[in-house]
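Student: Let me give you the structure first, and then I'll get to my questions.
The values are calculated or read from the model by the stated rules, or taken from the named source; none is laboratory data. Model, not experiment: these values are computed from the prediction. For neighbour counting, all protein chains shown are included, and Cβ atoms are generated from backbone atoms with ideal geometry for every residue, glycine included.
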Amino acid sequence: MPRFDYQIFVCTNARDADHPRGCCDPAKQAALLRAFKSKVAARALPKVIRVNQAGCLDQCEHGPAVVVYPEAVWYGGVNESDIDEIIQSHLAEGRPVERLRIADSCLNTRACPHKPRPA
């Protein structure tokens, strides 16, 4: 089997609605994951692309979170309406969608303006 040109991880972690960090799939339906899989398959790009379900990507405050490898481009606040743009711009043309990118300074850090301050 050939290696993947792109591997997309879609967070489907669900928490209680009142959790201070929020979550990526509050409806617990994996709708974003299913939409990504469907739309990537429908485009039939000449690349090997795999869309995977991910548990918590620990970017809850930026959710719904999606990460695209091999570049490790992290997207936040992704909705189904953003999928076509990600497919066209990032997967087809190789240009990440800047308006959805999570800033490097917010990834895996305690000091992000999006995270609740510890009590």
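Student: Kindly provide the set of residues from region 30-45 that are more than 26 Å from ASN108 (Cα to Cα), modelled with pLDDT of 90 or more and out of contact with any strand residue (DSSP E or B) (no Cβ under 6 Å at 6 or more places or on another chain), ordered by number.
Tutor: Correct list: ARG34, ALA35, SER38, LYS39, ALA41, ALA42, ARG43, LEU45.
Student: Continuing with this model, one more query. Restricting region 1-11 to residues that are farther than 14 Å from GLU61 by Cα and crowded, with 17+ Cβ neighbours inside 10 Å, which is farthest from the chain's Cα centre (by Cα)?
Tutor: Here the answer is TYR6.
Student: Additional query: For region 48-81, how many residues meet the condition of being over 22 Å from ARG15 (Cβ atoms) and surrounded by 13 or more Cβ atoms within 10 Å (Cβ to Cβ)?
Tutor: Adding up the residues that qualify gives 6.
Student: Can you name every residue in region 29-51 that is closer than 17 Å to SER89 by Cβ, in contact (Cβ under 8 Å) with a residue 40 or more places away in the chain and either part of a helix (DSSP H, G or I) or under 15 Å from the mean Cα position of the chain (by Cα) (or both)?
Tutor: ALA35, PHE36, LYS39, VAL40, ARG43, ILE49, VAL51, listed by residue number.
Student: Given the criteria closer than 22 Å to GLN88 by Cα and part of a loop (DSSP other than H, G, I, E, B), does PRO64 qualify?
Tutor: When the stated conditions are applied, PRO64 passes them.
Student: Only one residue in ASP25, ASP104 is among the charged types (D, E, K, R) and surrounded by 13 or more Cβ atoms within 10 Å (Cβ to Cβ). Which one?
Tutor: ASP25
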